[in-house]
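Undergrad: My questions will all concern the structure given below.
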Amino acid sequence: MGLLSTIFGILCGFLNSIFSLFAFGIGTSIGLVIGYYAFINALPADVEDVKVCPLVEDDLETLQRLIPEIPLWVKNPDFDRVDWLNKFIENMWPYLDRAICATTKNIAKPIINEQTPQYKIQSVEFETFTLGTIPPTFQGMKVYTTDDKELIMEPSIKWAGNPNIIIAVTAYGLKATIQVLDLQVFGIPRITLKPLVGIFPCFANIFVSLMNKPHVDFGLKLLGVDLMAIPGLYRFVQELIKDQVANMYLWPQALEVQIMDPEQALKRPLGILDVTVVRAVKLQRKDLLGKSDPYVKLNLREEKVAFKKTTVKRSNLNPEWNEEFSFVIKDPATQVLELRVYDWDQVGTHEEMGLNVVPLKDLTPDEPKVLTLVLLKTLNPNDPQNDKPRGQLEDEMLDDIDDSGMMEKAPEGTPAGGGLLVIIVHEAQDLEGKYHTNPHVRLLFKGEERKTKRIKKNRDPRWDEEFQFRLEERPANDRLHVEVYSTSSRIGLLHSKESLGHVSINLVDVVHNRRVNEKYQLVDSRNGRVQIELQWRT
């Protein structure tokens, strides 16, 4: 009885499986047939060609969606198209990526090392630092023209990059990794290069400001967990960054990056310093198995130029060089020539044997001078190490400086913050008048007018007349207007007065250089020039 029940159960299960497969096949087939006919019948019977319709003023929603994506050079005629710059950055991006990352690391490491001890952090290391393969793009650039010596640019920058920055932080023996990725930065900074100078790279400072709050978006992972997925944290971090950046760099506040000292950059060369390193005597022995291999390094202190050096004299404590060097002098009152004697070593750093300095103000222009300098350990006069003999260095120097270095001082009673502006009108050349050429020069400065004498019938007149203006402050932002006039010598002539040309001179150069003597091309004159000497006496 039990056996029959078992056989009957197996048979029922088998039949149930057969019927289930049969029902599945029938149902699937019927479903496919019904679905096919439903799809065919759902297609429109009359399909028209796609039409491209122009935007109309009523379609405000579409316009609002498209406007942010349109480049600024399309919407605003003040912005110029800079596809050439985008192409340049695209080709240079692999190299710019490495250079920017390396520079950022070098700048960040000292700052991080200074801040980490107060937070009990053992180390902060960059495990991975790359800006990715997608370069930023410029949607347009606006350039401003001003009367000052500056260049102002406003580029529209969009960067949706794929950087990968992984920072490993170790604290209390535990290590955590922070990853920054999927960075987006949109903004319009104002970049000002000023003052413009005649020395490469042709500007002294870079000022960067933001004209509005930038759009900043990025992904941030801590130990592989996306922190930006936490509700409310994404918007909080984004707004915090916008506010902090805006507080520091929103115009008129700016990030200033100094490229060179503007005071030194604006100074023009006044002369040449010729130095002959003759010999050294009684130098110290530095090598264990020999004497010393001395050479001399020379440079003008506080000048960002490469130093100059003599040849190396092998195994010699009383070397003779007789080698000549030349330096450009800009400010003999403050510049100092530094000389250092080194012992050359094939392995390792070269050991300094002694040094000394020569202030250029101690030299007389155009008079050769022979100096014997005692080598010192340091420039501190109270350093007891300087009592130890280190040898002597003999040099010959010739200071060939322009006579501006001998310029007289301002008279007594001149304001402390101001000075005396001296204008010397020397001569003019190739003056041409349509009706007559009887030239004289008219100077206009701060509402005051001064005139030279008139010279009759002369296209190349010479005046050599001096005019003085006593000022309460430096005229660094002022201009001098110079105009050459011709007046008729006949009474009642129709053209009794005629302009032969004019020029406007910015006085910032004379303030920094103390003296400027140049020939200026006259505006509205074919070949006319006028020689004006400017002096700023304090």
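Undergrad: From the list K149, K175, which residue is open to solvent by 50 Å² or more (accessible area, probe 1.4 Å) and part of a strand (DSSP E or B)?
TA: Of K149, K175, the one residue that is open to solvent by 50 Å² or more (accessible area, probe 1.4 Å) and part of a strand (DSSP E or B) is K175.
Undergrad: Here's something else I'd like to know. Would you pick out the residues in segment 158-172 that are open to solvent by 50 Å² or more (accessible area, probe 1.4 Å) and touching a Phe, Trp or Tyr at 6+ places or on another chain (Cβ under 7 Å)?
TA: K158 - this is the single residue of segment 158-172 that is open to solvent by 50 Å² or more (accessible area, probe 1.4 Å) and touching a Phe, Trp or Tyr at 6+ places or on another chain (Cβ under 7 Å).
Undergrad: Out of the residues in segment 501-516 that are polar (S, T, N, Q) and farther than 18 Å from V484 by Cβ, which is least open to solvent (accessible area, probe 1.4 Å)?
TA: Result: N513.
Undergrad: V357 - would you say it is at pLDDT 85 or above and in the same structural domain as K282 (by the TED database)?
TA: Yes: the conditions hold for V357.
Undergrad: Restricting to segment 370-385, give me the number of residues that are modelled with pLDDT of 85 or more, of a type outside the set (S, T, N, Q) and open to solvent by 70 Å² or more (accessible area, probe 1.4 Å).
TA: 3
Undergrad: On the basis of being open to solvent by 20 Å² or more (accessible area, probe 1.4 Å) and either in contact with a strand residue (DSSP E or B) (Cβ under 8 Å, 6 or more places away or on another chain) or not assigned by the TED database to the domain that holds D509 (or both), does F327 make the cut?
TA: Spelling it out, it is not the case that F327 is open to solvent by 20 Å² or more (accessible area, probe 1.4 Å) and either in contact with a strand residue (DSSP E or B) (Cβ under 8 Å, 6 or more places away or on another chain) or not assigned by the TED database to the domain that holds D509 (or both).
Undergrad: Looking only at residues in segment 440-449 that are of a type in the set (D, E, K, R) and without any contact (Cβ under 8 Å) to a residue 24 or more places away in the chain, which one is farthest from P475 (Cα to Cα)?
TA: Keep residues of segment 440-449 that are of a type in the set (D, E, K, R), which gives 442, 446, 448-449.
Right, trim to without any contact (Cβ under 8 Å) to a residue 24 or more places away in the chain and you get 448-449.
Working: E448: 14, E449: 17 Å.
The selected residue is E449.
Undergrad: Identify all residues within segment 331-350 that are at pLDDT 85 or above and more than 22 Å from V374 (Cα to Cα); write none if there are none.
TA: none
Undergrad: Related question: Can you list residue pairs whose Cβ atoms sit under 7 Å apart, with the first residue in segment 456-471 being over 19 Å from N527 (Cβ atoms) and part of a strand (DSSP E or B) and the second being open to solvent by less than 90 Å² (accessible area, probe 1.4 Å) and of a type in the set (G, A, S)? Count only pairs 6 or more apart in sequence or on different chains.
TA: Short answer, once both residue conditions are applied: L471/G418; L471/G419.
Undergrad: I'd like to know if segment 135-144 contains one or more residues that are within 30 Å of D78 (Cβ to Cβ), free of Cβ contacts under 8 Å to residues at least 12 places away in the same chain and not basic (K, R).
TA: Checked segment 135-144: at least one residue is within 30 Å of D78 (Cβ to Cβ), free of Cβ contacts under 8 Å to residues at least 12 places away in the same chain and not basic (K, R).
Undergrad: Sticking with this one: Can you confirm whether F186 is open to solvent by 30 Å² or more (accessible area, probe 1.4 Å), of a type in the set (F, W, Y), in a strand (DSSP E or B) and closer than 18 Å to E127 by Cβ?
TA: no
Undergrad: Starting from residues that are charged (D, E, K, R) and modelled with pLDDT of 75 or more, keep the ones in segment 293-309 and report whichever is most open to solvent (accessible area, probe 1.4 Å). Let's see the steps before the verdict.
TA: Keep residues of segment 293-309 that are charged (D, E, K, R), which gives 293, 297, 301-304, 308-309.
Filter again for modelled with pLDDT of 75 or more, leaving 293, 297, 301, 308-309.
Details: D293: 18, K297: 48, R301: 98, K308: 71, K309: 115 Å².
Among those that are charged (D, E, K, R) and modelled with pLDDT of 75 or more, it is K309.
Undergrad: Hey, any hits in segment 112-124 for a residue that's of a type in the set (V, I, T), assigned to a helix (DSSP H, G or I) and on the phi < 0 side of the Ramachandran plot?
TA: yes
Undergrad: Which condition number does R190 fail, the rest of (1) over 24 Å from T137 (Cα atoms); (2) touching a residue at least 60 places away in the same chain (Cβ under 8 Å) being met?
TA: All conditions are met except number (1).
Undergrad: Within segment 340-351, is there a residue that is more than 30 Å from T538 (Cβ to Cβ), open to solvent by 90 Å² or more (accessible area, probe 1.4 Å) and touching a residue at least 24 places away in the same chain (Cβ under 8 Å)?
TA: No, every residue in segment 340-351 fails to be more than 30 Å from T538 (Cβ to Cβ), open to solvent by 90 Å² or more (accessible area, probe 1.4 Å) and touching a residue at least 24 places away in the same chain (Cβ under 8 Å).
Undergrad: Mind telling me which of the residues P231, P195 ends up being open to solvent by 40 Å² or more (accessible area, probe 1.4 Å) and either part of a strand (DSSP E or B) or closer than 30 Å to L174 by Cα (or both)? Let's see the steps before the verdict.
TA: Numbers: P195 fails: open to solvent by 40 Å² or more (accessible area, probe 1.4 Å).
When all the criteria are applied, what remains is P231.
Undergrad: Limited to segment 460-476, what total is found for residues that are open to solvent by 100 Å² or more (accessible area, probe 1.4 Å) and under 19 Å from E518 (Cα atoms)?
TA: Residues that pass the stated criteria total 1.
Undergrad: Let me ask another. Within segment 310-338, track down each residue that is assigned to a strand (DSSP E or B) and without any contact (Cβ under 8 Å) to a residue 60 or more places away in the chain.
TA: Across segment 310-338, the qualifying residues are E320, W321, N322, E323, E324, F325, S326, F327, V328, V336, E338.
Undergrad: Can you tell me which residues in segment 228-277 are touching a helix residue (DSSP H, G or I) at 6+ places or on another chain (Cβ under 6 Å) and modelled with pLDDT of 80 or more?
TA: Answer for segment 228-277, where residues must be touching a helix residue (DSSP H, G or I) at 6+ places or on another chain (Cβ under 6 Å) and modelled with pLDDT of 80 or more: just L255.
Undergrad: Right, here's the next one. Looking for whichever is open to solvent by 20 Å² or more (accessible area, probe 1.4 Å) and more than 23 Å from L534 (Cα to Cα) here; the options are K497, K446, K451. Which one fits?
TA: K497
The values are calculated or read from the model by the stated rules, or taken from the named source; none is laboratory data. Everything numeric in this text was worked out from a predicted model, so none of it was measured. FYI the Cβ positions are ideal-geometry reconstructions off the backbone, even for glycines, and counts take in every protein chain you see. These area figures cover heavy atoms from the full protein model, side chains too; ligands, DNA and RNA do not enter into them. Shrake-Rupley method; radii C 1.70, N 1.55, O 1.52, S 1.80 Å.
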